[in-house]
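Have a look at the structure below before the remarks.
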Amino acid sequence: MSQPTYDRLVAQLDKLGLWRAKDTLPDALRGADKDTLGYATFLDRLLEEEIAAREERRIKNSLKLSGLPFHKSIDTFDFAFQPSLDRAQVLDLASLTFFARKENVLLLGPPGVGKTHLAVALAISACQNGYSMYFTTLDGMIRALAAADRAGKLDAKLRTYTTKSQLLVLDEVGYLPLSRAEANYLFQVISSRYERSSIILTSNKSVSEWPDVFGDHAIATAILDRLLHHSHVLSIKGHSYRLRERTLAAALAPQTPALGPS
C-alpha cells in the first residue's frame, strides 16, 4: 500500500470515529501481508477489533452511570458460607432467562448475607450482555421522587426508575418504614414496570412483614401482587459475611501481652 493511500485510510477511519481500527491498522496490515488475507477477511478482523473496543467502552460507561456501590461477580460469591442458597438457581438467574421473560428477583435475608452482592453481580451480567440497568436504594429513590414531587417534576423523575433502564435494582427495601405517600411512589414504579421490565430487589424483611413496613396494607398488597406474580424469591438464612470478616480480623490481630505486676 502506498503512503498516500495509507494516510488517506487513516484519516477516513479517524473521521468515522473508528479509533481502535485506526490504531490497529498497522498491525492488521502486517498480519494481512504475513497471512495473505483476502480483502474481506482483513476488513472483518479490523472491524472486529473496533466492535470489541466499542463494547468495552459501553460496558465501562454503563457501569459508571449505573449507581452500583461496587463491582462484584457471581464467581466471587462464597456459596459454601451460605448453604441455604441454591447455587444452581443463582447460576440460572445469571444466565438472564428471568430477564428475557420480564420476571423479578427478590433476595431476602438478614443484613450481611450477600443479598446486595448477588444483586450487583446479576446487574453486571445484564450490562455485559448489552442491557441497561440502574441501581438505587429504596430510601434514595423515595427521597429523589419526593423532591421531584415537591418541585412539580414527579413524572419526569419517575422515568428514571420506570423506562430509562431495562433492569432496576432496588436495594434495602424494608430497612426504613414508609409513609402512605412514600409507599405510593414505590407502587407507581412497580406498577409501571410490571410485565414490561425486570426488577431485582433486596430486603431484610420477609414478604409477610411488608404490609407493616409500607404503612398501608392495601398499597402493600398491590405492590406484592405485581412483584410476586412473575418472580424468583431467594431466601438466604445464613450468617453475616461482615461479622465473619470482623471475627477473622480480630482473631488475626496481634495480641498485646498482659503486663505483670511491677
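Points worth noting:
- Note on the chain: with neighbouring protein chains present and a 1.4 Å probe, carbon and sulfur make up 54 percent of its accessible heavy-atom surface.
- Relative contact order %, the chain, counting alpha carbon pairs below 8 Å whose residues are six or more apart: 23 percent
- Global form of region 48-155, assessed from the alpha-carbon gyration tensor, a/c cut-off 1.5: oblate
- The simple spin-label model puts a point 7 Å past each Cα toward its Cβ; for His71 and Ala147 those points are separated by 2.6 nm.
- Exposed loop sites were defined as GluC sites (Glu not before Pro) in DSSP loop states (anything but H, G, I, E or B) carrying at most 16 other C-beta atoms within 10 Å; in the chain the longest segment without such a site runs 1-102.
- Answer label, with Rg and Dmax of the Cα atoms in Å calculated from the coordinates and candidates (i) 25.1, 90; (ii) 19.6, 63; (iii) 17.5, 48: (i)
- Backbone N under 12 Å from the Ala53 label point (7 Å along Cα→Cβ), restricted to region 15-39: 15-28
- Ratio of Rg to Rh over region 8-64 (Cα coordinates, Kirkwood Rh, two decimals): 1.05
- Counting only alpha carbon atoms, the long axis of helix 138-150 and the longest principal axis of the chain meet at about 90°.
- Shown in residue order for region 65-70 are the 3J(HN,Hα) couplings computed by the Karplus curve 6.51 cos²θ - 1.76 cosθ + 1.60 at θ = phi - 60°: 8, 6, x, 4, x, 6 Hz (x for Gly and Pro).
- Stretching the chain fully between Thr5 and Leu228 yields a gain of 74.1 nm (0.36 nm per residue, less the alpha carbon separation).
- Alpha carbon centroid spacing (whole Å) that separates region 1-35 from region 40-58: 13 Å
- Normalised contact order of region 1-147, rounded percent, pairs of Cα under 8 Å and 6 or more residues apart: 24 percent
- Of the chymotrypsin sites (Phe, Trp or Tyr not before Pro) found in region 16-77, those in coil by DSSP whose Cβ has at most 15 other Cβ atoms within 10 Å are Phe70.
- With Cα atoms, 0 to 90° folded angle of helix 3-15 axis to the chain main axis: 20 degrees
- In loop segments of region 54-113 as defined by DSSP, the trypsin sites (Lys or Arg not before Pro) with at most 16 further C-beta atoms inside 10 Å of their C-beta are Arg101, Lys102.
- Solvent-accessible surface of the chain, averaged per residue with a 1.4 angstrom probe and all protein chains in place: 57 square angstrom.
- What the Cα convex hull of region 33-107 gives, in volume per residue, is 193 Å³.
- Axis angle, to the nearest 10 degrees, between helix 180-193 and the longest C-alpha principal axis of the chain: 40 degrees.
- Shape summary: region 71-117 maps onto an equivalent ellipsoid whose semi-axes, from the alpha-carbon gyration tensor, are 19, 12, 11 Å in decreasing order.
- Under 9 Å, Cβ to Cβ, from Arg193 - net charge with Lys/Arg +1 and Asp/Glu -1: +2
The values are calculated or read from the model by the stated rules, or taken from the named source; none is laboratory data. All figures in this text were calculated on a predicted structure; none of them were measured in a lab. Every residue, glycine among them, receives a Cβ derived from its backbone with ideal geometry; neighbour counts consider all protein chains shown. Areas reflect the complete protein model, heavy atoms only, side chains present, ligands, DNA and RNA absent. Shrake-Rupley method; radii C 1.70, N 1.55, O 1.52, S 1.80 Å.
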